[in-house]
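The values are calculated or read from the model by the stated rules, or taken from the named source; none is laboratory data. Just so we're clear, the structure is a prediction, and the values are computed from it rather than from any experiment. Using ideal geometry, Cβ is built from the backbone for each residue, glycine included, and neighbour counts are taken over all protein chains shown. Each accessible area value is taken on the protein alone, full model and side chains, heavy atoms only, with ligands, DNA and RNA left out. Shrake-Rupley method; radii C 1.70, N 1.55, O 1.52, S 1.80 Å.
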Amino acid sequence: MRAIVNADRNWGIGFRNGLLVHIPSDMRFFREKTTDNVVVMGRKTLESLPGGRPLSDRDNIVLSRDAGLKVKGAAVVHSVEELEGLLSDMDPDRVYVIGGAEIYRLLLPLCDTVYVTRVDYVYQADAFFPDLDSMPEWELTEEGEEQTCFDMSFTFCTYKRVQK
């Protein structure tokens with residue numbers, strides 16, 4: 001399983017159930033990676049999407065404790081075990097965790113690759129991704145060229161789980 005996230009210098013990823021920043025090339029990168037694949041998200045992330053609807057051209061899975069939640073166009077699971085059962089026949093390289101913070105923390109132990117768009121700025125944030133740089137089980141394996149969007153610098157990075 002993989003995760004994909006946009007994070008600021010402090011690993012902030014969101015504020016009031018919205019993204020901290022919208023970068024067109026980051027949105028393109030996200031679409032390229034996740035289109036025709038499986039995306040796993042929490043209910044709040046689903047609600048933050050355009051129209052509060054699942055993403056098109058992807059198999060959407062919503063992980064939620066709400067036993068009554070039904071989402072047109074998405075599978076709903078209520079536990080990590082139920083999610084693992086649903087994903088058991090799928091190629092793990094086609095499964096992307098897309099948020100939010102609670103879902104990332106819950107599923108990061110199941111991921112082997114994380115794509116991070118690192119923004120060189122600190123935003124006001126109330127949702128954070130785990131600091132992969134401080135975790136010995138994660139290694140920065142690829143860092144793209146620094147890019148800019150208006151006056152903001154960012155870098156596409158790939159982290160891999162260290163094999164024991």
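Key figures for this structure:
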{"quantity": "Unmet requirement for Ser56, which otherwise passes all of (1) more than 17 Å from Leu106 (Cα to Cα); (2) crowded, with 17+ Cβ neighbours inside 10 Å", "calculated": "(2)"}
{"quantity": "Test: Glu82 is open to solvent by 20 Å² or more (accessible area, probe 1.4 Å) and in contact (Cβ under 8 Å) with a residue 12 or more places away in the chain", "calculated": "no"}
{"quantity": "Among the residues listed as Thr113, Thr117, the single one being under 16 Å from Asn10 (Cα atoms) and touching a residue at least 40 places away in the same chain (Cβ under 8 Å)", "calculated": "Thr117"}
{"quantity": "Subset of the range 78-99 [assigned to a strand (DSSP E or B) and either acidic (Asp, Glu) or touching a Ser or Thr at 6+ places or on another chain (Cβ under 8 Å) (or both)]", "calculated": "Tyr96, Ile98, Gly99"}
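Every residue, every condition in (1) modelled with pLDDT under 95; (2) at positive phi, yes or no:
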{"site": "Val39", "(1), (2)": "no, no"}
{"site": "Leu46", "(1), (2)": "no, no"}
{"site": "Gly52", "(1), (2)": "yes, yes"}
{"site": "Leu55", "(1), (2)": "no, no"}
{"site": "Asp59", "(1), (2)": "no, no"}
{"site": "Val62", "(1), (2)": "no, no"}
{"site": "Gly68", "(1), (2)": "yes, no"}
{"site": "Ser79", "(1), (2)": "no, no"}
